[in-house]
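Down below is the structure, laid out as structure tokens.
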Amino acid sequence: MQHICVVGLNWGDEGKGKIVDVLASDVDAVVRYQGGANAGHTVYIGDVRHVLHHIPTGILHGGIQAILGNGMVIEPAKLIEEVESLSEEALSRIWISDRAHVVLPHHGAVERILEEQASRPIGTTLRGIGPAYQDKFGRSGVRMGDLVQPGFVDDVLEARLLERCRVLGVSEQCATEGVQICTQLRDRLGSQVIDTCHLLNEMHATGKKLLFEGAQGCMLDIDFGTYPFVTSSSPSFLGVGTGSGFSPRKIDHVVGVTKAYCTRVGEGPFPSEITGEAADALREAGGEFGTTTGRPRRVGWLDIPMLCYCAALNDIDSFALTKADVLTGRDTVPVVTGYRLGEELLESLPFSVADMEAVEPVVEQWPGWNQVDERAMQPFIERLEAATGIPVSILSTGKRRDEVCIFSPFQVEGEVA
Ligand code: IMP
């Protein structure tokens with residue numbers, strides 16, 4: 001197996017960072033293909049907590065290249081902050097696509113206005129993601145490659161940003177701040193801005209192994225998620241091609257990551273959501289508070305129709321099941337296996353937000369476990385595999401890197417493949 005892709009099958013926060021970290025021990029590069037500082041990965045190495053927003057967690061392995069693809073939107077101050085938390089040696093392994101877009105101060109300013117004035121806000125991370133993609137698709141964006149063009153930051157950028165500020169009706173101060181932060185980014189990281197599409201194809205040709213990492217989750221996908229309560233990029237596997245310039249046909253295995261229950265941050269439909277004391281207990285037990293915003297996450301049960309929808313869309317080869325430790329000690333574990341909409345029994349997700357909010361989940365009790373290991377969890381895993389038709393290849397049993405059970409096809413004679 002040469003190339004792998006890891007994607008989230010819920011609304012983000014599935015624990016992808018941990019799974020990428022586990023699989024990264026056997027790859028040459030980890031690639032992000034969408035999103036920006038709205039993502040936050042927490043990885044524990046020993047008891048040390050690392051939080052990364054743009055840089056793939058693979059950077060924490062010596063020798064691995066970390067590639068920020070063209071589909072990303074990069075927030076200069078955050079990226080600089082992340083780089084400062086790593087060593088200079090690690091910096092030499094980070095490559096940023098010249099075609100990735102820059103998140104500028106006017107993006108944050110526009111987003112704050114939009115969220116404040118909306119009759120029903122999306123509950124975004126307020127990191128300027130949506131407006132940055134609007135500028136990209138409106139063909140008014142600034143790309144990382146522009147910053148390293150001679151004279152661009154010093155002579156051209158201010159006028160460009162002032163024009164955007166005037167069109168969008170935000171303070172011209174944003175333009176001044178934009179020039180300052182882009183100057184810092186160019187000076188600190190300009191040497192790492194390259195044509196990453198060329199790099200990836202060259203790595204493929206020389207037999208190097210690539211690991212693509214989706215941020216957020218499939219249910220937040222701009223096309224296939226719970227629109228408009230989604231992010232502005234394509235976190236699903238379908239986004240790999242346009243977000244990295246690397247043909248998805250070359251990817252051998254897609255791992256879909258799901259928690260043993262479900263969470264969501266921000267607004268929007270969540271059919272399997274629970275509230276009240278049971279929800280509070282699950283949130284506390286799972287430490288379900290946002291890495292980027294600190295917001296308490298909404299919680300609910302594993303949702304099989306949603307999982308099947310995401311698995312089909314992403315052409316998933318296997319599941320990585322995370323945070324099962326949070327549910328340890330229950331005789332049975334509630335799982336949503338269908339929805340009722342009025343008189344109708346649905347086996348798949350309805351299209352509209354109104355219907356998704358109106359459905360009554362059908363809840364089944366699946367076998368629980370007293371400890372998180374392969375044997376104790378076998379009945380639950382078998383039930384999941386039977387309901388979805390997809391095998392579990394990785395079982396995360398705790399926060400730390402070494403708390404994991406790895407099955408076929410990643411386990412080869414006791415080693416990660
Ligand atoms: P945005 O990506 O900041 O525009 O936010 C849009 C929606 O996606 C909001 O509901 C956010 O809470 C959600 N979101 C964005 N990034 C993440 C993430 O990394 N984890 C979970 N939810 C996210």
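The values are calculated or read from the model by the stated rules, or taken from the named source; none is laboratory data. As the structure is a computational prediction, the values presented were derived from the model and not from experiment. Please note: Cβ atoms are built from the backbone with ideal geometry, for glycine as well, and neighbour counts cover all protein chains shown. Accessible surface is based on the protein model in full, side chains and every heavy atom, while ligands, DNA and RNA are left aside. Shrake-Rupley method; radii C 1.70, N 1.55, O 1.52, S 1.80 Å.
Odds and ends about this structure:
- For the stretch 158-175, backbone phi angles converted through the Karplus equation (6.51, -1.76, 1.60; θ = phi - 60°) give residue-by-residue couplings of 4, 4, 4, 6, 4, 4, 5, 4, 5, 4, 8, x, 10, 4, 5, 4, 4, 5 Hz, Gly and Pro being listed as x.
- Local charge for THR275 was computed over the other residues whose Cβ lies under 15 Å away, with Lys and Arg +1 and Asp and Glu -1, and equals -4.
- Segments 312-324, 140-152 sorted - mean Cβ within 10 Å per residue, highest first: 312-324, 140-152
- Rounded FRET efficiency, nearest 0.05, which uses the C-beta distance separating GLN2 from ARG120 and R0 of 41 Å: 0.35
- With 0.36 nm allotted per residue and the present C-alpha distance subtracted, the GLN184-ASP47 stretch has 46.1 nm of extension available.
- In this structure the amide hydrogen of GLY35, modeled in the peptide plane, comes within under 5 Å of the amide hydrogens of VAL73, SER234, none closer than 5 places in sequence on its chain.
- Placing unit charges on the Cβ atoms only, positive for Lys and Arg and negative for Asp and Glu, gives the chain a dipole magnitude near 520 debye about its Cα centre.
- Proximity of backbone amide H atoms, modeled 1.01 Å from N, is registered between GLN65 and ALA29, VAL30 at under 5 Å, excluding neighbours fewer than 5 places apart on the same chain.
- Beta bridges per DSSP with both ends in the chain, % antiparallel, nearest 5: 45
- Here the 3J(HN,Hα) profile of the stretch 296-311, calculated from phi with Karplus coefficients 6.51, -1.76 and 1.60 at θ = phi - 60°, is x, 7, 6, 10, x, 8, 4, 10, 5, x, 5, 5, 5, 4, 5, 5 Hz, Gly and Pro shown as x.
- For the stretch 101-190, the relative contact order works out to 33 percent when only alpha carbon pairs closer than 8 Å and six or more residues apart are counted.
- 0 to 90° range, to nearest 10: angle between helix 105-117 axis and the chain longest Cα axis: 50
- Heavy-atom accessible area, probed at 1.4 angstrom with all protein chains present, ranks CYS405, CYS308 as CYS308, CYS405, highest first.
- Extended-chain gain in nm, criterion 0.36 nm per residue less alpha-carbon gap, ASP402 and ASP355: 12.7 nm
- 19 Å reach of a label modelled at GLN173, 7 Å along Cα-to-Cβ, counting backbone N of the stretch 63-80: 77
- Cα-only Debye scattering, the stretch 265-350: base-10 log of I(q)/I(0) at q = 0.16, 0.19, 0.22 Å⁻¹: -0.80, -1.09, -1.30
- Most to least accessible of VAL22, VAL265 (protein chains only, probe 1.4 Å): VAL265, VAL22
- Karplus-based coupling profile of the stretch 62-75, in residue order and whole Hz: x, x, 8, 7, 10, 10, 9, x, 5, x, 7, 10, 10, 9, with θ = phi - 60° in 6.51 cos²θ - 1.76 cosθ + 1.60 and x standing for Gly or Pro.
- Within the listed set ALA37, ALA387, ALA354, the Gaussian network model of the chain (springs between alpha-carbon atoms below 10 Å) gives the highest mean-square fluctuation for ALA354.
- Each DSSP beta bridge with both residues in the stretch 259-416 is either parallel or antiparallel, and the antiparallel ones are about 80%.
- Chymotrypsin sites (Phe, Trp or Tyr not before Pro) restricted to DSSP loop in the stretch 333-387 with at most 10 other C-beta within 10 Å: PHE351
- When nucleic acids and ligands are ignored and a 1.4 Å probe is applied, GLU202 ends up with an accessible area of around 100 Å².
- The orientation-averaged shadow of the Cα convex hull for the chain, equal to a quarter of the hull surface, comes to 20.1 nm².
- Which of GLU374, GLU116, GLU81 is most accessible, then next, and so on - probe 1.4 Å: GLU116, GLU81, GLU374
- Under 26 Å of direct C-alpha separation, and excluding same-chain neighbours fewer than eight residues apart, LYS399 reaches these lysines: LYS16, LYS18, LYS78, LYS209, LYS259, LYS323.
- On a per residue basis, the chain carries 41 Å² of accessible surface, using protein heavy atoms and a 1.4 Å probe.
- With K and R counted +1 and D and E -1, the other residues having a Cβ less than 14 Å from that of ASP187 yield a net charge of 0.
- Sequence-distant residues sharing a close amide H with GLY123 (under 5 Å, placed H): GLU267
- Each label was represented as a point 7 Å from its Cα along the Cα-to-Cβ direction; for ALA376 and ILE113 these points are 5.5 nm apart.
- Carbon-plus-sulfur accessible fraction, the chain (probe radius 1.4 Å, protein heavy atoms only): 48%.
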